[in-house]
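Heads up: the structure comes next, in structure tokens.
The values are calculated or read from the model by the stated rules, or taken from the named source; none is laboratory data. Keep in mind that this is a model prediction, so the values were computed, not measured. Cβ atoms come from the backbone with ideal geometry, glycine included; neighbour counts cover every protein chain shown.
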Amino acid sequence: MPPPSVTGTEMSSVFNENEDEESRALRRSLKRAKIVNEIVDTEKQFLNDMEILMEVYRVPAMETGALSPHEVKILFANLDVVIQTSREVLDVLLAATQGEDTWVGEAFNQMMRRIETTYCDYCKNNEAAMTLLAALASPDCPPETKKFLQECQSRLQGRTGAWDLGSLVIKPVQRVLKYPLLIKQLLKETVPTHPDHVELVRASVEIEKVAEKINEVKKRKDIVEKYVDGKGNTNVIHGITKKWTRSAQQVKMALPGRGADGTYDELYDALSQKLDLQYRSASQLYKDLDFW
């Protein structure tokens, strides 16, 4: 029996389907390349902005004393580490995107732990940094500090899309929270047969964990700051002092009259010293938390 004949219409339909598949594959490949370029280009811009933040604001602030060491720590945190991490991320990304088969997922997985530690450390200061920025923008800000910030801001023109200190300080938070979106977009346009597909799946999962950890660290830091800012400091230390004094008095009242050899006073003194040591330890804990 002769094979069934194929009409011209059916052949045309087959060709159109093949052409559509090729067109879809090409469009997907182009979208993927565009996302890869966006990841690399935005990392370059981010690194440039961080280097400007260091050069224009942090270094002069430390050299001139325009901001106190405590204010510098709050505003800029581990900026030097952020810059170094971004350089390394960019180097790995550039290496990963040279050939035809890019390995961006693998690149992120190589840097994942470094990204996590660097940005967790930076982002935990975010709330305090925003509060300080608001204070620096208020009418109560010292005139010499305002002048310093205005001079710094004038040096930004033509060098970055950021317009002031606040828009630069927030960028590391924005950058690390943008990574999950970029990786998801790239994964969406990566076919399962691509050599980097498995690594992209892994990177997508891991970078989401990093974002979750950063949010958790920020929450814990915010809780701590409630107890180590001006009001919290007063409440905590006053509470400890009150409890220590009350406990010491209770011990003294509980003891019978003083013996001829002074035994009870010695016992009271020993307990009092112990309570005093606990109080001083609590005070040191407050200082450590404030520094952290």
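The residues in region 96-116 that are free of Cβ contacts under 8 Å to residues at least 60 places away in the same chain and surrounded by 13 or more Cβ atoms within 10 Å (Cβ to Cβ) can be counted, and the count is 5. Taking helices (runs of 4 or more DSSP H) as the structural unit, those lying wholly within region 17-107 and holding at least 3 residues that are over 22 Å from Q185 (Cβ atoms) and under 20 Å from the mean Cα position of the chain (by Cα) correspond to 69-76, 79-96.
Yes or no: region 166-178 includes at least one residue that is under 22 Å from V36 (Cα atoms), buried (at least 20 other Cβ atoms within 10 Å of the Cβ) and of a type outside the set (D, E, K, R). Within region 166-178, one or more residues are under 22 Å from V36 (Cα atoms), buried (at least 20 other Cβ atoms within 10 Å of the Cβ) and of a type outside the set (D, E, K, R). Going by the structure shown, is A129 assigned to a helix (DSSP H, G or I), within 25 Å of N215 (Cα to Cα), assigned by TED's automatic domain parsing to the domain that holds A66 and under 13 Å from the mean Cα position of the chain (by Cα)? So A129 passes the test. In this structure, T85 does not satisfy being buried (at least 20 other Cβ atoms within 10 Å of the Cβ) and modelled with pLDDT under 95. Taken together, E116, E144, E151 contain a single residue that is under 19 Å from K219 (Cα atoms) and either in a loop (DSSP other than H, G, I, E, B) or assigned by TED's automatic domain parsing to the domain that holds I74 (or both), which is E116. Within the set L156, L168, the sole residue that is in contact (Cβ under 8 Å) with a residue 24 or more places away in the chain and either in a helix (DSSP H, G or I) or under 20 Å from V92 (Cβ atoms) (or both) turns out to be L168.
Annotation for region 181-196: no member residue is in a helix (DSSP H, G or I), among the aliphatic types (A, V, I, L, M) and within 27 Å of V72 (Cβ to Cβ).
Given the condition among the hydroxyl-bearing types (S, T, Y), assigned by TED's automatic domain parsing to the domain that holds V89 and over 26 Å from the mean Cα position of the chain (by Cα), answer yes or no: does some residue in region 172-179 qualify? No, there is no match, as no residue in region 172-179 is among the hydroxyl-bearing types (S, T, Y), assigned by TED's automatic domain parsing to the domain that holds V89 and over 26 Å from the mean Cα position of the chain (by Cα). Of the residues examined, K188 is not one that is within 21 Å of the chain's Cα centre (by Cα) and either in the same structural domain as N78 (by TED's automatic domain parsing) or not hydrophobic (A, V, I, L, M, F, W, C) (or both).
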